[in-house]
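Here is the structure we will look at.
The values are calculated or read from the model by the stated rules, or taken from the named source; none is laboratory data. What you see is a predicted model, and the numbers here were worked out from it, not measured in a lab. As a convention, Cβ positions derive from the backbone with ideal geometry for all residues, glycine included, and neighbour counts pool all protein chains shown. The accessibility values were calculated without ligands, DNA or RNA, using every heavy atom of the protein model including side chains. Shrake-Rupley method; radii C 1.70, N 1.55, O 1.52, S 1.80 Å.
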Amino acid sequence: MRTEVVHFTSKNTNKILFMKHIANGSTNEQSRNKMKKILSKAISSELTDLQKHCIVEHYLNEKTGKEIAKELGVNASTVSRHINAARKKLRNIASYYM
């Protein structure tokens, strides 16, 4: 039996993960719905109030960092730091379920 070494890159990660889900018998839609539930719970319970506000405004309401900063009365770099910290937490939580 031949063993194939696969290196994860930014170009093939989604394809490899998709193939893993197909091999497990789950569909892409089922996997997405499961991940949405996990991330939704994580956003409400694991993020600080500012991180939560910045993530929701940026991704769901499609506001820029400058618009969010103006609302909150802080610098745009502060909003960027909150978004990056929230992404890091969410990525870490999501990695447990992949």
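Computed with a 1.4 Å probe over protein heavy atoms only, the accessible surface of the range 52-95 comes to 66 Å² per residue. Sites listed here are GluC sites (Glu not before Pro) in the range 23-82 whose DSSP assignment is loop and whose Cβ has at most 16 other Cβ atoms within 10 Å: GLU62.
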